[in-house]
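FYI, it's all coordinate maths here, none of it is from the lab. Computed from a predicted model, the values in this text were never measured in an experiment. Cβ placement follows ideal geometry from the backbone for every residue including glycine, while neighbour counts extend to all protein chains displayed.
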Amino acid sequence: MNPLTVIPVSLMLILLGSLTFKRVNTPVLGHQHALQGKASSIALSGIFLTLAYLLLLPPVYMGVESLMPLTNGTDLISKYFALVAVAFLGGHLSVAYDSPLARRWTVGAPGAVVLGIVATGLLGTLLATEAPNPSPQLLDYAGQPSVRLNTWLVLAYVAYIVAPLIRPAYKDSRKNPLRGGRLASGLIAGGFALSLIRAFTYPVELGATGDVTYLFMIVSYISTAFVVIGLALFAYARKNRTPQTELGSLLSID
Amino acid sequence: MPVSAAEFREWLEGNAVSPSPTALSTLTGINRGTLNNQLRRGNVAESTVIAVARATGTNVIDALSVFSPYRIIKSRPIKPSSAEVLSQVHHADLMAELQFRTSQRHYPREMRKGIDLIAFPHDGSVRAWIDAIDPGDIRQRMSEETGMALTYIATQLTENKLNPHLAIAASRAGGGSYASGLVVTELITPTEGGWQIRAREDELLEVSDDVLVDAISARIHLLQRRVKQRKEAREYAEKMTELLG
């Protein structure tokens, strides 16, 4: 159990779990807005991503693994949860940022086909891996080509979803009338850009040895944290009715 | 349009002021590092010249007119025109004046007694000044003189500011006092720019009905645009926070 994997996963879990919980339990129609309202996909995305990280915690992983018919099936479930979370998020952000291209890519027919291919690929690569013992994120078998392909498939799917969203998020970070909104969209665009960069630079990662490999994983954690914090800033603005208070009457000078 | 460091040093020597950044910092309160950078780069900000002039009791207009970009400043009367003064009266004050003139019974002037006019600069006051001196093509001429894009000038006006270079270019195009632009952009105080202490109050009392109504009409038109922009901005922000929050 390497602390370099457990600590970041635990921190991410705390961040995701607390922000998702906060989003769903915000007073004044919080749970209705979060789970049934316009932003329901974001709450669902948060729940799936939290579950994905939860499954990666070694005690949970081992517990779930004992129920699995397939060794390291827990890792597969965790990755499926992550894919669903990314798909929900991508589809929702494409509507929020008003990007028909991103909408088509994420939840249109191409999006469904790509999700199906990646999901099948993850199962295939897991079956092709010689992994007799449970290992969260298959880290003990990271040298095997099938595991490398397995990891890359997740990175590639995330990159596929976020790529068309970077531009609209960046544009909003320039034009959103709220300072908090600009910062939030900037964080989201930055997080997406990091995810895209990691997918494209994956071949460099393959040459890394020892603890350096964990640095690359941290890039993904940071990118996730950026996006999650960006969304939390929007939730904060909604809860505090920032648009109404900051952009209230132009006439008053008091 | 900063002034040259060589000219600045020469001017300091002429006024028996030490050109060392430390001494200047003590004299003006400006950060020593900022002064050091300005002198090293060879460009000294107008605000530095003005701060030294104020600290040494020199007339600010006289001080600025020593430097090449501002030699023309005294080539025209320093005092502002009536239109320039009126441009710095807030639309709410213009409308209050309209009410006072409309009915002494319903809107007695005494109601306003002891309450000052809204201070300037206020929202849109720089644009109002530009509109007041505009011969028709002022933005184009400002752009040609300074080499700055029209979009940049529009952005500056939206943010209710104008750099000194543009302010001087606007005054040149408008044919009025060169000092007025520096006053409305807060580089110098109204008193330093030759404004009477109650210039705006007096102008508001003296302005003819037709000029007052025209001024209100122009301001309301501007206000309409700004209120519409603000409404659109708020709707966009509400949509984003509803969808992502």
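Averaged across A:181-187, how many Cβ atoms of other chains sit within 10 Å of each residue's Cβ atom? All intermediate terms of the calculation are to be shown ahead of the outcome.
Numbers: counts 6, 0, 0, 4, 2, 0, 0.
The shielding value for this peptide is 2.
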Of the convex hull enclosing the alpha-carbon atoms of the range A:3-239, the direction-averaged projected area in nm² is 12.7 nm²
Expressed as a whole number, the average count of other chain Cβ atoms within 10 Å around the Cβ atoms of A:228-237 is 3
For residue B:43, other-chain or 5+-apart residues with amide H closer than 5 Å (H placed, Pro excluded) are B:5
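Past the 37 angstrom mark, what percentage of all C-alpha to C-alpha distances in the protein assembly as shown do you count? Working shown, then result.
Numbers: 64899 of 124251 pairs.
Everything past 37 Å amounts to 52 percent.
As a test of understanding, state the convex hull volume per residue of the range A:23-163 from its alpha carbons, in Å³.
114 Å³
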Straight-line reach check, residue A:239, cutoff 19 Å on alpha carbons, 8 or more apart in-chain or any other chain, hits among lysines -> A:22, A:38, B:239
Note on the range B:1-135: the mean projected area of its alpha-carbon convex hull, in nm², is 11.4 nm²
Bounding extents of the range B:169-245 in its principal axis frame from Cα atoms, largest first in Å, are 53, 32, 26
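If one computes P(r) from the Cα atoms of chain B, what percent of pairs lie at distances over 26 Å? Walk me through the numbers on the way to the answer.
Values: 14801 of 29890 pairs.
In whole percent, the share of Cα-Cα pairs in chain B beyond 26 Å is 50.
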In nm, the gap between the two label points placed 7 Å beyond Cα toward Cβ at residue B:37 and residue B:149 is 2.4 nm
Normalised Cα Rg of the range B:82-220, dividing by 2.2 N^0.38 Å with N its residue count, works out at 1.10
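How big is the shadow of the Cα convex hull of the range B:49-113, averaged over all directions, in nm²? Display every interim value, and only then the final one.
Details: hull surface 27.9 nm².
Averaged projected hull area, Cα only: 7.0 nm².
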Cα extents of the range B:3-71 per principal axis, largest first, Å, are 28, 24, 18
Plugging the Cβ-Cβ distance of residue B:191 and residue B:105 into 1/(1 + (r/R0)^6) at R0 = 56 Å yields, to the nearest 0.05, a FRET efficiency of 0.90
Shape descriptors of the range A:151-254 over alpha-carbon atoms, Rg and Dmax in angstrom, are 17.6, 62
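Hey, got the average number of other protein chain Cβ atoms within 10 angstrom for residues in B:230-239? Numbers along the way, then the final one.
Working: counts 6, 2, 2, 8, 8, 3, 8, 11, 9, 4.
Mean number of neighbouring Cβ atoms from other chains: 6.
Which of the chymotrypsin sites (Phe, Trp or Tyr not before Pro) found in the range B:1-104 are loop residues per DSSP with 10 or fewer other Cβ atoms within 10 Å of their Cβ?
On the way: sites: B:8, B:11, B:67, B:70, B:100; in loops: B:67.
Loop-located and lightly packed - none at all.
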Spelling it out for residue A:26: with amide H atoms placed in the peptide plane at 1.01 Å from N, the residues 5 or more places away or on another chain with amide H under 5 Å from its amide H are A:31
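Test of understanding: express the Cα radius of gyration of the range B:78-118 as a ratio to 2.2 N^0.38 Å, with N the residue count. Mind dumping the intermediate values first?
Details: Rg = 12.1 Å, N = 41, 2.2 N^0.38 = 9.0 Å.
Against the compact-globule rule of thumb, the ratio is 1.34.
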